[in-house]
Amino acid sequence: MSIGTYILVSVIKIVIALFVLLTAVAYSVWLERKVVGHIQNRWGPTRVGPFGLLQPMADGVKFLFKEDLTPPHVYKPLYIAAPMIAVIFALTSIAVIPIGNVVTIAGLEIPLQITDVNIGLLIVLGITSLGVYGVALAGWSSNSKYSLLGGLRASAQMVSYEIALGLSLIGVLIMSGSFSLRAIVESQGGHFWGFIPRWNIFTGQIVGFFIYLIAAYAETNRIPFDLPEAETELVAGYHTEYSAMKFAMFFMAEYANMITVACLATLLFFGGWHGPIFGPAILQALLPVFWFVAKVFVFLFIYIWVRGTLPRFRYDQLMAFGWKFLLPLAIANLVVTALVVAIRA
Amino acid sequence: MLHLVLFSVFGLICVAGAVNLLAQRHPINSALSLVVVMGALSAEYLLLGAEFVAAVQVIVYAGAIMVLFVFVIMLLNAGVEERTGGSRVALLFGVPGMLIGSLLVAWVLLHRSGTEAVSIGALPGPPRIIGWLLFHDFLLPFEVTSILVLIAIMGAVVLAAKPPSAAPPKREG
């Protein structure tokens, strides 16, 4: 493939991926409102369009027309840059996430991934750790006590749970032997005894999966770990002083992070795009994508379900849980996995 | 050619970030410039082919250590640096001196034999090789480093612990 074709294909993939991701972010907000509404025995959005499906459009228009107030006491450069940083890093991690097999279009072999890097998993971890800056700088630059406390709490929480997150992923790494996300998914192909798929959750990483899930909920500041942005606690935490489009950017960043976490959970523990494949060639190319999207949807639903069901942790309980329980458990998981793999080899 | 362009771009970003770090008056701007320097260094490692080191540079340096720097600056509420007038002499002698010094170093390095430019990806460092080195050739330094980190953690805990409280005041009868 010549360099020009490669660049063209990559640009097309980037445009499609960004468009799909931003639409998914908008509609995951809709999904959350509907599901939490039904959990709380009410309807959720129903007025704007059938089933309230045009609600995200209405919200977008609302955010565009809202007054974009910049309070006079903020530290302007960082106040404006913080939501940008949050959104940029939330949207960048889609670059290494594979959604399907290699398809052949017009004679070109195109992997369904913007770029397959050898160290894809490390890149996702790196982008997650850089995302802490958006929160910390937003909290500090707003020059308000609620924001500062919320920002500090949120970033301390994110940094603490990053450790357990990373350690839980090492178990997967040891089992598949590569950092590349495509290679990790491909090592989960095939079946045991003909019908149990060889996904990482069935080959011993169940503890790792639960550690990953809990650490990811804390990373993305979602209930039960959302004390830094809970209204009854700190007004609105680090985004108290933000209005209109800047607030919408924080919102988008949070939901994009949720989607990234759901994608990673599918790829690393649930076999990615593996699923029953049948039918003609066009169906064979599209079915893996369908299975991937279905699994990501299940994870988003679980995220929202947990949000509607559990109460939130107090901050000291949260930090104690991360350092005193999750971290030793993740290390124990790592040791056991390494032992099993070493003995088997 | 491509290698020279990419190297120069990231090198310039790195140096610009470093100069900005010194030139900024507010410490938070300096800390963020340092993050830019770390990012540019990571790109330079990637150009050499050391992908694992590049990723770890971002994760550890830019994503954890610099976050802690930013925390400290936020918590200490360090204000804007005040301008003192004593830096004119430093400016007069320092800037030319630094330029001459760096030109000297560059001249010496370029005229040694055995140093030539490497192409992109010339020094590959896949994680597998690094893991092998860490656990075979460099096992002792690796283990000793973990003990050093443990000592540092203990020191931090001791420094941050509350001093033992004085005896409670006696109540008057």
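Computed from the coordinates by the stated procedures, all read-outs in this text should not be read as laboratory data. Everything quoted here is computed from the prediction, not taken from an experiment. As a convention, Cβ positions derive from the backbone with ideal geometry for all residues, glycine included, and neighbour counts pool all protein chains shown.
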Dimensions (Å) - the protein assembly as shown, Cα atoms, principal axes, largest first: 83, 79, 54
Determine, from the Cβ-Cβ distance of B:Ile129 and B:Val19 and an R0 of 41 Å, the FRET efficiency 1/(1 + (r/R0)^6), rounded to the nearest 0.05. 0.70
With the calculation restricted to Cα positions, what are the radius of gyration and Dmax of region A:212-342 in angstrom? 18.5, 56
So for each of A:28-34, A:210-216 I average, over its residues, the number of other beta carbons within 10 Å; can you give me the resulting order with the highest mean first? A:210-216, A:28-34
At 24 Å minimum axial length over the Cα atoms and a Kyte-Doolittle cut of -0.5, report the qualifying DSSP H helices in chain A, or say none. A:3-39, A:76-92, A:145-176, A:244-269, A:281-309, A:327-344
Go ahead and run the numbers for FRET between A:Leu69 and A:Val306, Cβ-Cβ distance against an R0 of 51 Å, rounding to 0.05. 0.95
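Quick check for me: using +1 on Lys/Arg Cβ and -1 on Asp/Glu Cβ, what's the dipole size of chain B about its Cα centre, in debye to the nearest 20?
For chain B, the charge dipole is close to 540 debye.
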Per residue Cα convex hull volume for region B:17-173, in cubic angstrom? 223 Å³
Compactness relative to 2.2 N^0.38 Å, alpha carbon Rg of region A:143-273: 1.27
Choice from A:Ile304, A:Ile39, A:Ile184 with maximal GNM fluctuation in chain A (Cα, 10 Å cutoff): A:Ile39
Ranked by GNM mean-square fluctuation in chain B (Cα springs under 10 Å), the top entry among B:Pro126, B:Pro96, B:Pro141 is B:Pro96
What is the ratio of the Cα radius of gyration of region A:168-228 to 2.2 N^0.38 Å, with N the residue count, to two decimals? 1.35
When the Cα centres of region B:45-70 and region A:72-135 are compared, how far apart do they sit, in Å? 16 Å
Quote the charge dipole size of the protein assembly as shown about the Cα centre in Debye, to the nearest 20; the model charges only the Cβ of Lys and Arg (+1) and of Asp and Glu (-1). 820 debye
Give the shape of region A:10-137 as rounded, prolate or oblate, defined through the alpha-carbon gyration tensor: a ≥ b ≥ c are the square roots of its eigenvalues, a/c under 1.5 means rounded, and otherwise the shape is prolate if a/b is larger than b/c and oblate if not. oblate
Mind ordering A:243-250, A:49-56 by average Cβ neighbours within 10 Å, highest first? A:243-250, A:49-56
At q = 0.18, 0.24 Å⁻¹, what log₁₀ I(q)/I(0) does a Debye calculation on the Cα points of region A:1-79 give, no solvent, two decimals? -0.87, -1.05
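So what is the diffusion coefficient of region B:1-79 in µm² per second by Stokes-Einstein at 25 °C and 0.890 mPa s, using a Kirkwood Rh over Cα pairs?
187 µm²/s
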